[in-house]
Amino acid sequence: MAELKTTDLKRALVAAGLEVFRVRDEEVHLAERQNVQLMEAGIRVKSGTAPRISVVVRAQRNDSPTVSEAVLYALIRERSEPLVLAGYREEQAASREIRSVSDDHVVDVWYEIVWVRQTTSIEDAVNEARRAIAIDRYVVSMS
C-alpha cells in the first residue's frame, strides 16, 4: 500500500461527517459531542506507511466501586466483542488515575483497553472510524 497522507486522511474523515478533535504527527484524533462540548472520542486514525485505527474502551472506578479490576477488564472485553469480530486486537490494558487539578488527589481510576486494527486504504480507515464512533466505548457495570 502507498503511504497514506495525514491531510488526505483528515479530509476524508471530515467529508464522511466525522469530527476531528486534533491532529498530532501522523494521527487524527476523532471527537464526539457531549451535550455542547467537543470531547476526544478515544479513537485515533494513523496515517503513514502502516495506517491503523486505535480505539480506547474504558470503565471507571467511580461507576462501580465494589467491582474488582479484573471483573471490569472482563466486562470491557465482553462489550468490545464487535471490535474483535471486526479484526481488532488488544494492544494494551492499563489503569490510569484521574487527578484533581486543584490538589492532585485521585478522583477516579479509569480502566482502559486499547484495541487496534490495520487499515488498508482511506476508505477502510473511514469505515472503521465510523464503526468505532458508533460503538459504546464507555462501559458501566450494573453491579
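Couple of notes before you dig in:
- The stretch between Ala134 and Gln118, if pulled fully straight at 0.36 nm per residue, gains 3.9 nm over its current Cα-Cα span.
- Degrees, to the nearest 10: 69-79 long Cα axis against longest axis of the chain: 40
- Within the shell defined by Cβ-Cβ distances under 10 Å, the residues around Tyr138 carry a net charge of +1, with Lys and Arg each +1 and Asp and Glu each -1.
- Each other residue within a Cβ distance under 10 Å of Leu18 adds +1 if Lys or Arg and -1 if Asp or Glu, for a net charge of 0.
- Mean ellipticity per residue at 222 nm, deg cm²/dmol - from DSSP H runs of n ≥ 4 across the chain, formula -39500 (n - 2.57): -8000 deg cm²/dmol
- The angle between the Cα long axis of helix 122-134 and the main principal axis of the chain comes to about 20°, on a 0 to 90 degree scale.
- Region 74-143 versus region 1-71: alpha-carbon centroid distance in Å: 9
- From the coordinates shown, Cα extents along the principal axes in Å corresponds to which of [x] 72, 65, 23; [y] 48, 36, 25; [z] 49, 39, 24: [y]
- Degrees, to the nearest 10: 6-15 long Cα axis against longest axis of the chain: 80
Every number here is computed from the coordinates shown, using simple stated rules; none is lab data. This one's a predicted model, so the numbers in the text were calculated from it and none came from an experiment. So basically every Cβ, Gly included, is an ideal-geometry build from the backbone, and we count neighbours across all protein chains shown.
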